[in-house]
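Participant: One structure, pasted below without further comment.
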There are 2 protein chains.
Amino acid sequence: MTSSNASLDLNSSRSGDIADAISVRSAVEHRLEQLVTDLPGVPPNLQQAVRHALLGESKRVRPVLLYLIAEPKPWEQGAVLDAGCAVEMVHTASLILDDLPCMDDAQLRRQRPTTHIAFGQSTAILAAIALLTKAFGIIAGLDGIAEAKRLRLSALLSDAVGWEGLVAGQEIDVNGRDSLIGVTEVEELNWLKTGVLFVAAAEMGAILSGMDDDRVEAVKRFARHFGVAFQTADDILDISASQGELGKDVQKDGSKATLVSLFGASKAQLSCQEHLARADQALVESGVNADPLRELMQRLFKMPKASLP
Amino acid sequence: MTSSNASLDLNSSRSGDIADAISVRSAVEHRLEQLVTDLPGVPPNLQQAVRHALLGESKRVRPVLLYLIAEPKPWEQGAVLDAGCAVEMVHTASLILDDLPCMDDAQLRRQRPTTHIAFGQSTAILAAIALLTKAFGIIAGLDGIAEAKRLRLSALLSDAVGWEGLVAGQEIDVNGRDSLIGVTEVEELNWLKTGVLFVAAAEMGAILSGMDDDRVEAVKRFARHFGVAFQTADDILDISASQGELGKDVQKDGSKATLVSLFGASKAQLSCQEHLARADQALVESGVNADPLRELMQRLFKMPKASLP
């Protein structure tokens, strides 16, 4: 695995020598494009499906999160970017699978037809497997990162995705929603569906930066609250925004138990704000430069700056 | 990841202190069972699907191959067994997916209903993802194996499964068979569908045993010929054996280009014998104790001992 040559425009940040979320996102886009270009050994149809799924319009929240938490030195930027791209590949794989007819049966994703609509179910499933597998290959080969760190990242990503993580969340979402009755269970599902990969991305950033255990814990708290808020906001948008605005199917959750369906949009909104406030508190405790991450949250949640502490 | 406590009955081997294929297979079964038991964090339906797919009747060729090539010292046996179980998980994941309605649409596998028949498509797909992901987690956490070796195994497994490996093979099998015209292309497909994971298992064994590059290359040649022979035999059995004998759907390949459909069973049989002879030659060159692997091949291909050099 050769790491990226993409360099970030560090001067574009108002915070001085720390990259901002927008420049990191551009670097992620650039590197993802590189990682799925010129693959002569890959069947063309499969390669196109991978590109279709991965390169659609996206906020790239998870790799940006990882990068901003890692605060890499210049010589580590390529590897940290690649670790973020690995997480984005895992996330994309989960989206392809979530959208399948036997799961959410969605038509639109990232402003494009879902991968199975564009390439058929078999190729869509194979594209997901390819992306998931590639993620582990990228992690194993991260240039200039200590072997022990790479192994920690790999184990952590496996746990986050596997049968107690994302996969468990999707199983409950598809086959176990009916048995969810209270806010705790719905929040647990939100955790598995979104929080778990947010926390994994953040923890990977923390490990890459070499933080001690206390700081890693604070980073994980930050990401957990951020992730739950993000999923709640997604549930609110599912009933209030248009398909065009979101670039994916809306009102797919109508019959599902979500915080919104259980308690209404305004209570969900309140819960979202509460989690964001706790996220900010944990961010401060983590000692990570808070400014670029606050800007990211403000943009994602479209809030005036004053609404965050 | 804690490694297995399962110990092999080394005395059962006629070759002295090298385990034979049958005792290794028993140890693999035992360890696989342990790895998917008592998982309180896993949704019960998902756990049952994983167990259904993984613990069905199987020859466990890939983990046995890995183990017999690794020739582990007593204190390495647990970790080498776990590495084999990781490969078996990957293989099982590929079977679940191959059997889906959008792929081969199979009803029977490992003497059981296919996983999607027993648990529905969504849970089957999630079980496959869970197994694949777990495999990388196991590799990352292999007890007592040097970090650099674990990373090599992880990268190697990612390459074997990914968009230039198993996934490419399945894409061509499902969506590109029509364009296969000659023996070279069919053999290339056999390589991707079966050989690639045989070679990965064998190479992982070679890496775990600490072989030098020349011996690793000989091991890979051995496994490549073994894998191609195995897939060819499978194609022959597909038209000649009963469903009950194989424990899976038969005559699914009727319209597909295989060595059998292109050249008939007797020519395919000849090719199979040729690959087995070359496998044996490479095995000798590798310096690995050949007896248990020859016994494995003899049992798998139901040949009299004399037919192998």
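The values are calculated or read from the model by the stated rules, or taken from the named source; none is laboratory data. Quantities reported herein were computed from a predicted structural model and do not represent experimental measurements. Here Cβ is always computed from backbone atoms with ideal geometry, including for glycine, and neighbour counts include all displayed protein chains. Each accessible area value is taken on the protein alone, full model and side chains, heavy atoms only, with ligands, DNA and RNA left out. Shrake-Rupley method; radii C 1.70, N 1.55, O 1.52, S 1.80 Å.
Participant: What residue among A:SER240, A:SER58, A:SER94 shows peak mean-square fluctuation when chain A is described by a Gaussian network model with Cα springs under 10 Å?
Facilitator: A:SER240
Participant: Note down the accessible area of A:TRP191, probe 1.4 Å, to the nearest 10 Å².
Facilitator: The value for A:TRP191 is about 40 Å².
Participant: So if I average 1/r over every pair of distinct C-alpha atoms in the stretch A:10-307 and take the inverse, what Kirkwood radius in Å does that give?
Facilitator: That comes to 19.4 Å for the stretch A:10-307.
Participant: For the pairs A:LYS73/B:LYS220; B:LYS220/B:LYS248; A:LYS193/B:LYS59, note any where the Cα-Cα span goes beyond 31 Å.
Facilitator: From the list (A:LYS73/B:LYS220; B:LYS220/B:LYS248; A:LYS193/B:LYS59), the Cα-Cα distance tops 31 Å for A:LYS73/B:LYS220; A:LYS193/B:LYS59.
Participant: Moving on. Hey, for a label at B:PHE263 modelled as a point 7 Å past Cα toward Cβ, could you say which residues of the stretch B:158-195 have their backbone N under 15 Å away?
Facilitator: Taking a point 7 Å out along Cα→Cβ of B:PHE263, the residues of the stretch B:158-195 whose backbone N falls under 15 Å are B:181-191.
Participant: Set the Förster radius R0 to 25 Å, insert the Cβ-Cβ distance between B:SER240 and B:ARG51 as r into 1/(1 + (r/R0)^6), and round the FRET efficiency to 0.05.
Facilitator: So the FRET efficiency works out to roughly 0.20.
Participant: Can you tell which of B:ALA83, B:ALA49, B:ALA202 shows the greatest fluctuation in a Gaussian network model of chain B with Cα springs below 10 Å?
Facilitator: With Cα springs under 10 Å in chain B, the top fluctuation among B:ALA83, B:ALA49, B:ALA202 is at B:ALA49.
Participant: Rounded to the nearest 100 Å², what's the accessible area chains A and B bury against each other, both chains counted, probe 1.4 Å?
Facilitator: Buried area between the two chains comes out at roughly 4000 Å².
Participant: Report, in order of residue number, the helices in chain A meeting two criteria: a C-alpha extent of 24 Å or more along the helix axis, and a mean Kyte-Doolittle hydropathy of at least -1.0; treat each whole DSSP H run as one helix.
Facilitator: Membrane-span-like by this criterion, though nothing is claimed about a membrane: A:77-98, A:121-140, A:213-240, A:265-286.
Participant: Among the residues of the stretch B:132-168, which ones have their accessible area go down by 40 Å² or more when all the protein chains sit together, as opposed to their chain alone (1.4 Å probe)?
Facilitator: Listed in order, they are B:LEU132, B:THR133, B:LYS134, B:PHE136, B:ALA140, B:GLU147, B:LEU151, B:SER158, B:TRP163, B:GLU164, B:VAL167.
Participant: For A:HIS30, what accessible surface area do you get with a 1.4 Å probe? Give it in Å², rounded to 10.
Facilitator: We get 100 Å² for A:HIS30.
Participant: So, in nm, how far is label A:GLN111 from label A:GLU147 when the simple model puts each one 7 Å beyond its Cα toward the Cβ?
Facilitator: 4.5
Participant: Roughly how many percent of the accessible protein surface of the protein assembly as shown is carbon and sulfur, given a 1.4 Å probe and a whole-percent answer?
Facilitator: Ligands and nucleic acids excluded, carbon and sulfur give 49 percent.
Participant: For the stretch B:120-198 and the stretch A:29-76, what is the centre-to-centre distance using only Cα atoms, to the nearest Å?
Facilitator: About 21 Å separates the Cα centre of the stretch B:120-198 from the one of the stretch A:29-76.
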